[in-house]
Ligand code: FES
């Protein structure tokens, strides 16, 4: 049976009712209407569903909504400040870091999380650090350039 939970998403608290088996991804998309986080595989293999939980990147298809109560969740919808894009979003635009765009929200959320992790600065480090985010179009060279410049 559905259980009442509260999720803290993009600075707002939301009260919702979900089955205990519902993933964070499905709760975001279906209960809260935040469809920026994409469902590519629903198996933790593609990264399209990446969000930040307490500033760390998480595949939202791999965690249950009920487990994320009380945590600070950020989705792609919460990244810009009003009309002002986040520097990582700007960088993806500047470098054409996408083709079809389906993986882009996950790429950008992962890149923001990555940029706070103690990785090295080389392109090889970026490729390794971003390896959980798959791009079927193969826009990787542009994605690496975008991540490099968006790290600030
Ligand atoms: Fe979550 Fe693919 S949809 S990793």
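With the cut-off at 1.5 for a/c, could you classify segment 1-86 from its C-alpha gyration tensor as rounded, prolate or oblate? List each step's numbers first, then the result.
Values: a/c = 1.78, a/b = 1.21, b/c = 1.47.
Here segment 1-86 falls in the oblate category.
Modelled spin labels at residue 62 and residue 121, positioned 7 Å past Cα toward Cβ, are 2.9 nm from each other.
For the chain, what is the calculated [θ] at 222 nm in deg cm²/dmol (nearest 500), taking -39500 (n - 2.57) for each run of four or more DSSP H residues and dividing by its residue count? Before the final figure, lay out the partial values.
Numbers: 4 runs with 37 residues, N = 152.
The helix contribution divided over the chain gives -7000 deg cm²/dmol.
Computed extension gain for residue 96 through residue 3, at 0.36 nm per residue and net of the alpha carbon distance, reaches 29.2 nm. GNM on the chain, alpha-carbon springs under 10 angstrom: the most fluctuating residue among 37, 110, 91 is 91. The slack between residue 80 and residue 19, meaning 0.36 nm per residue of separation minus the straight C-alpha distance, is 18.9 nm. At the listed q of 0.08, 0.15, 0.19 Å⁻¹, the Debye profile of the chain, built from one uniform point per Cα, gives log10 I(q)/I(0) equal to -0.21, -0.72, -1.10. The slack in the chain from residue 12 to residue 54, taken as 0.36 nm per residue of separation less the alpha-carbon distance, amounts to 13.7 nm.
Note down the relative contact order for the chain as a percent, whole number, built from C-alpha pairs under 8 angstrom at least six residues apart.
Details: 284 pairs, mean separation 36.6, N = 152.
Computed value for the chain: 24 percent relative contact order.
Against the empirical curve 2.2 N^0.38 Å, the C-alpha radius of gyration of segment 87-150 lands at a ratio of 0.95.
Any read-out appearing in this document is the output of simple, stated calculations on the displayed coordinates, not a laboratory observation. Given the structure is predicted, the values throughout are model-derived calculations rather than measurements. Please note: Cβ atoms are built from the backbone with ideal geometry, for glycine as well, and neighbour counts cover all protein chains shown.
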